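Student: Pasting in a structure now, in structure tokens, and then I'll have a few things to ask.
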Amino acid sequence: MLQASDWQAISVTLQLAGVTTLVLLLLATPIAWWLAFSHSRWRPVVQALVAMPLVLPPTVLGFYLLLLLSQSFAFTFTGIVIGSVVYSLPFAVQPLSESFRAMGPRPLAIAASLGAGRWDQFKTVVFPLCRGGFVVAATLVFAHTLGEFGVILMIGGSIPGETQVLSVLIYDHTEALNYEAAHTLSLGMIFVALLVLSVVYGRWSRSPLQFGGRS
Amino acid sequence: MSLTVKCQLPLRHFVLAVDVRLPAQGITAIVGPSGSGKTSLLEVIAGIRQLPGATIQFQDQCWQAPATFSPLHQRRIGLVFQQPSLFPHLTVEENLRYGWQRASQPKTLGWDEVIADCGLTPMLGQYPAQLSGGQQQRVAFARALLAQPQLLILDEPFSALDDDAREYFVSYLQQLAQRHQLPMIWVSHQLGDVAQVSDYLVQLHDGHVVAHGPTVSALQSEPLRSKLALSVVVAEAQPEPAGQLDTLRLTLAEQSITLPRPQSHELETSTPVRLRIFARDVSLTREFVSDSSIQNQLAAEVVDSFPARHPAECIVQLRLGDQYLLALITKASWQRLGLQTGSRVIAHLKAAALHETLRETL
């Protein structure tokens, strides 16, 4: 039913979503930490910057990223990874920052007083207490990247095996009046999105592990 | 052996401005109304709040100076807050092991000893959410001890315990301070406990230290003397004539008093003990009286008097040798007895009010 080119697009899409998720977890954690605990007057500005991709049209982001990357990563896999990272940043930062804020600074002080250094505190206290936040952030980023279209089209184009992801391929199939292929891929994406979001909301509604309270 | 604290911290309603040198041994109590900056001060000392310009020096270790800052995990401070702050994802035993595993050898506070002293054996396998507030506070306290701290910082650590358990832990604190030479800074609203057990008192008000000094003398000066109306005196246990098992004879300023023998204590002869005496448990006469239920009558001299909380009452400060005692009487009695500075009086102590508060001292 699926052509070789369809499988290729699925593979590129999954790789893109996977790499973006990993990069964003590393990048968003310190930003979310700063947003959760900083008293700086720049905090609202940084918060607004992080949330920009939520309100801007993907073409605006794609346009400026294209100008920025035109000499280097435009129309490459790396280019669309950079685009996806920027585009999904708020989806990683917000749940992480919420879970850090819910934990509060007290557990860290206690862990430090018991002799745990920074990395030790993160590994043995922050990560277990904020696991829900990390899971939600990772799933949202992964799912959001699967559904990305505008930014990728602007900076990646549609190069099979390199930058042609599922959403772009569906667009190409539709342009070519190849409705049957577009249907198959679209239904598949609807199913995956439904599955992923159900998992996320299932986690979200479960009461988070409260520090010092009842779990 | 001292703890020097210098800091300026703007808080919501005032600036916490502290410049004080405290003893780095025994129990130092910080008292003051809620919202006077006590918890913030503890956070600055611990380094939870990193204040630019603050100086914190503990014994020969510089914890903070303009150019240095040693993070909390290197300071070996045991922190116990009113909120027990146990790690919810770990069992009681895992919570206790958290600090124990990371503590440097050799360990002076033993695992079995601390767990038994804090009564935690039955709950080791449970999660914090399964425990009552009082049980959680006991775990938090034991967890801090097992990390082998060199300074214990306590912020209302026993607020959720019932009276008996609190009494027990207050005695335990004193033992720790003495036997293990573990210095403590203790914030509590239970002024009676704090006043009696502490060696040093600091009073904070709106972010400023309004009074500090050795507890016994701080209680005799303003503002604490009119506020607490409480004296702490040191007496010595005397050998008891054979057969007298239920009473205890003490010498206080070369005079003798007799108290019901506390059942919880084994006292060696000549051990100094500390007595907490509320001004309301002391009454005055001009002469010794023989037909009173109160046996403990001490000759003393009036040195001062000042207003009490009730406008009809006053507090009289008495001198017994080199120690001081406060008595709460009505102004009418003051007039009727014709008292003035220098008057010789007899202070009557109600023994039943005293023996439960008797504690060994250093």
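Student: Away from every other protein chain (no Cβ under 14 Å) and touching an Asp or Glu at 6+ places or on another chain (Cβ under 6 Å): is that true of B:K6 in this structure?
Tutor: Working: away from every other protein chain (no Cβ under 14 Å): yes; touching an Asp or Glu at 6+ places or on another chain (Cβ under 6 Å): yes.
Yes, satisfied.
Student: What's the number of the condition A:F77 fails, among (1) more than 14 Å from chain B (Cβ to nearest Cβ); (2) of a type in the set (F, W, Y); (3) within 30 Å of B:P84 (Cα to Cα)?
Tutor: If we test A:F77 against (1) more than 14 Å from chain B (Cβ to nearest Cβ); (2) of a type in the set (F, W, Y); (3) within 30 Å of B:P84 (Cα to Cα), just (3) comes out false.
Student: Would a scan of the stretch A:146-156 turn up a residue that is surrounded by 20 or more Cβ atoms within 10 Å (Cβ to Cβ), in contact with a Phe, Trp or Tyr (Cβ under 7 Å, 6 or more places away or on another chain) and of a type in the set (A, V, I, L, M, F, W, C)?
Tutor: yes
Student: Restricting attention to the stretch B:54-68, and to residues there that are of a type in the set (A, V, I, L, M, F, W, C) and assigned to a loop (DSSP other than H, G, I, E, B), which single residue is farthest from the other protein chains (Cβ to nearest Cβ)?
Tutor: B:A67
Student: Considering only the stretch B:103-122, I want to know if a residue exists there that is facing chain A (nearest Cβ under 10 Å) and either over 30 Å from B:G207 (Cβ atoms) or in contact (Cβ under 8 Å) with a residue 24 or more places away in the chain (or both). Full working, then the answer.
Tutor: Of the stretch B:103-122, the ones facing chain A (nearest Cβ under 10 Å) are B:103-104.
From what's left, either over 30 Å from B:G207 (Cβ atoms) or in contact (Cβ under 8 Å) with a residue 24 or more places away in the chain (or both): B:103-104.
Yes, the stretch B:103-122 contains a residue that is facing chain A (nearest Cβ under 10 Å) and either over 30 Å from B:G207 (Cβ atoms) or in contact (Cβ under 8 Å) with a residue 24 or more places away in the chain (or both).
Student: Considering the stretch A:157-169 alone, what residues qualify as being crowded, with 19+ Cβ neighbours inside 10 Å and either at pLDDT 95 or above or over 21 Å from A:A193 (Cβ atoms) (or both)?
Tutor: Result: A:T163, single match.
Student: Moving on to the next point. Filter the stretch B:1-53 for residues that are outside any strand (DSSP E or B) and charged (D, E, K, R); which is nearest to B:V194 (Cα to Cα)?
Tutor: Among them, the one singled out is B:K38.
Student: So, B:A129, is that one touching a Leu at 6+ places or on another chain (Cβ under 6 Å) and farther than 18 Å from B:A29 by Cα or not?
Tutor: Considered against the rule, which asks whether it is touching a Leu at 6+ places or on another chain (Cβ under 6 Å) and farther than 18 Å from B:A29 by Cα, B:A129 comes out as no.
Residue by residue, here is whether (1) out of contact with any Pro (no Cβ under 9 Å at 6 or more places or on another chain); (2) at pLDDT 90 or above; (3) more than 9 Å from chain A (Cβ to nearest Cβ) holds:
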| residue | (1), (2), (3) |
| --- | --- |
| B:P33 | yes, no, yes |
| B:L41 | yes, yes, yes |
| B:S70 | yes, yes, yes |
| B:L79 | no, yes, no |
| B:L96 | yes, yes, yes |
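Student: Got at least one residue in the stretch B:222-239 being closer than 20 Å to B:E167 by Cβ and either part of a loop (DSSP other than H, G, I, E, B) or at pLDDT below 80 (or both)?
Tutor: No: the stretch B:222-239 contains no residue that is closer than 20 Å to B:E167 by Cβ and either part of a loop (DSSP other than H, G, I, E, B) or at pLDDT below 80 (or both).
Student: For the stretch B:81-94, what are the residues that are without any contact (Cβ under 8 Å) to a residue 40 or more places away in the chain and more than 12 Å from chain A (Cβ to nearest Cβ)?
Tutor: B:T91, B:E93
Student: Take the stretch B:187-198 and flag every residue that is touching a strand residue (DSSP E or B) at 6+ places or on another chain (Cβ under 9 Å) and either of a type in the set (S, T, N, Q) or modelled with pLDDT of 90 or more (or both).
Tutor: Within the stretch B:187-198, B:V187, B:S188, B:Q196, B:S198 meet the criteria.
Student: Consider B:F141 carefully, then state whether it is in contact (Cβ under 8 Å) with a residue 24 or more places away in the chain, in contact with a strand residue (DSSP E or B) (Cβ under 8 Å, 6 or more places away or on another chain), more than 12 Å from chain A (Cβ to nearest Cβ) and surrounded by 18 or more Cβ atoms within 10 Å (Cβ to Cβ).
Tutor: So B:F141 passes the test.
Student: Next question. In the stretch A:118-169, which residue that is free of Cβ contacts under 8 Å to residues at least 60 places away in the same chain and not in a helix (DSSP H, G or I) is farthest from the other protein chains (Cβ to nearest Cβ)?
Tutor: The selected residue is A:S158.
Student: Whether any residue in the stretch B:304-313 is in contact with a strand residue (DSSP E or B) (Cβ under 8 Å, 6 or more places away or on another chain) and within 17 Å of B:L250 (Cα to Cα) is what I want to check.
Tutor: no
The values are calculated or read from the model by the stated rules, or taken from the named source; none is laboratory data. Please read these numbers as outputs of a predicted model, since none were measured by experiment. Cβ coordinates were reconstructed from backbone atoms using ideal geometry, including for glycine residues, and neighbour counts include every protein chain displayed.
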